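Working notes for the structure below.
Please treat every number below as a calculation from the coordinates, not as lab data. These numbers were taken from a predicted model, which means no experiment stands behind them. So basically every Cβ, Gly included, is an ideal-geometry build from the backbone, and we count neighbours across all protein chains shown.
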Number of protein chains: 2
Amino acid sequence: MLGDRWTLLIVRELALGPRRYGDLLDALPGMGTSLLATRLKHLEEYSVLRRIALPGPGRAAAYELTDRGESLMPVLASLAEWGAGLDEPPAEFTTRAAWGMVAMRVTASGEAASYDTLTELVVDDEAMWVRGDGTKVRVQLGRAPLDPALRMACARPTFFALARGQTTVDEAVESGHLSIDGGLADARRFFRLFHMPGARRTDSL
Amino acid sequence: MLGDRWTLLIVRELALGPRRYGDLLDALPGMGTSLLATRLKHLEEYSVLRRIALPGPGRAAAYELTDRGESLMPVLASLAEWGAGLDEPPAEFTTRAAWGMVAMRVTASGEAASYDTLTELVVDDEAMWVRGDGTKVRVQLGRAPLDPALRMACARPTFFALARGQTTVDEAVESGHLSIDGGLADARRFFRLFHMPGARRTDSL
DNA sequence: CGGCATCCATTTTGATACTG
DNA sequence: CAGTATCAAAATGGATGCCG
């Protein structure tokens, strides 16, 4: 059910909220459009995801994880944990900030649910926003729906250094790598609650 | 590194100890022999497995998980857990007892390491043996190397019913589905310490 | 023989054109 | 923009060959 090529990658993309067909195509470079249609159909048959009508004008179609699909988060978590433990950086592989965010989300402790500051994070050209509702965390791709209480922007290496705990928020701000619009304390808290698993590398920034 | 077809299936096979090339081919029906060689080479490059010379006469070659490969057990565990949670039995998929044993191993609690009874389990034509050494459990395919203190034999449905906790050892023995050579208490302990994750189905035996 | 490399007929896939 | 149709290129399964 999950072993076919692309399948878990689609699940990973949907881990940060619903996505439209075209978005998925963009997020999965190299994947053919007809193959995406096939995989989506299979995953829908298996009740891993469902088609939904996006709210707002146009009622655009999108795909969203079902509960069964959400229950795959531990799978993504264990894979993220394994990948984070590799000593050698996978140079030949690309790394997107959103993937790091997925890793942060799926391995975040329950305590992260208490992070109720609407936070927007822009890494290069990738925007994400995060907010806990007390019960669970919501992490989503795109700009924050409302005016965020905390807004951070940085480049990808800085994001990963922060996510892996190799740099502190204070250091990153001082060096000018991280710009913060909002409370510094919230920013510190964000990277304390959400962090990538098993980071071990000591690459320089 | 892991997403290519067959890759995680190879890891699963090696989860129950070293296997030789031909054994892997038999365990992976449908996989071409040249493709197996390719995958093994890649996994060796990535230090997920290594070639070893099997002890004994002939010093036959075999493949064994490295520490990095062993650290993939949580990935197998999360996948097993997910699969076990499916309501609908995957009728179109085959299920081997060894795969159930992998699920039992990877999700067993640390307490299972204290299971120091050399136990042989024969399910249809698949033999496996288990023993904890106090620190960790060893689960391996094949006949037990020494005379086991506990020997159990049953058919696949019985094994899965026991593994999922839908049947008790006592019931299975009484109904003649499970034969035990050794201590009944050990058998009960075995299925208490090792059990499949999140079993929910209530199929009849 | 077991452990692979080679070769080839199919199947799967990626890229692109196309349609509602 | 969402998805289908099409086609060439790549991956694969199976048979076969090689080699210690």
(request) Go through the range A:108-148 and name the trypsin sites (Lys or Arg not before Pro) that are in a DSSP coil and have 13 or fewer other Cβ atoms within 10 Å of their Cβ. (result) A:Lys136, A:Arg143
(message) Given an 8 Å cut-off on Cα distances and at least 6 residues of separation, report the relative contact order of the range A:37-76 as a percent.
(response) 33 percent
(request) Sort largest first and round to whole Å: the equivalent ellipsoid semi-axes of the range B:49-205, each the square root of five times a Cα gyration tensor eigenvalue. (result) 25, 20, 15
(request) With the Cα gyration tensor of the range B:113-205 in hand, give its eigenvalues times 5 under a square root as the equivalent ellipsoid semi-axes, listed largest first in whole angstrom. (result) 20, 15, 12
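Which of the GluC sites (Glu not before Pro) across the range A:78-130 are loop residues per DSSP, with 13 or fewer other Cβ within 10 Å?
Qualifying residues, ordered by number: A:Glu92.
Chymotrypsin sites (Phe, Trp or Tyr not before Pro), restricted to the range B:18-102: which are DSSP loop and have at most 16 other Cβ atoms within 10 Å? It would help to have the intermediate numbers written out before the result.
On the way: sites: B:Tyr21, B:Tyr46, B:Tyr63, B:Trp82, B:Phe93, B:Trp99; in loops: B:Tyr46, B:Phe93.
Those that pass, being in a loop and sparsely packed, are B:Phe93.
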(request) Project the alpha carbons of the range A:107-153 onto their principal axes and report the range along each, largest first, in whole Å. (result) 29, 22, 14
(request) Find, to one decimal place in angstroms, the Kirkwood hydrodynamic radius of the protein assembly as shown, where the mean of 1/r is taken over every pair of different Cα atoms and then inverted. (result) 23.6 Å
(request) Express as a percent, rounded to the nearest 5, the fraction of DSSP beta bridges in the protein assembly as shown (both residues included) that run antiparallel. (result) 80 percent
(message) Please compute the average number of Cβ atoms from other chains found within 10 Å of each residue's Cβ in peptide A:69-80.
(response) 4
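Any idea what the relative contact order of the range A:1-130 is, in percent, if you count C-alpha pairs under 8 Å spaced at least 6 apart?
On the way: 111 pairs, mean separation 26.0, N = 130.
After rounding, I find 20 percent.
For an R0 of 45 angstrom, estimate the FRET efficiency from the Cβ-Cβ distance between B:Ala149 and B:Thr38 and round to the nearest 0.05. Display every interim value, and only then the final one.
Values: r = 42 Å, r/R0 = 0.93.
The value I calculate is 0.60.
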(request) Please work out the Cα center distance from the range A:1-76 to the range B:140-188, rounded to the nearest Å. (result) 42 Å
(message) With the label 7 angstrom out along Cα to Cβ, how close does B:Leu35 come to the same site in each of the other copies, in nm, nearest first?
(response) 1.4
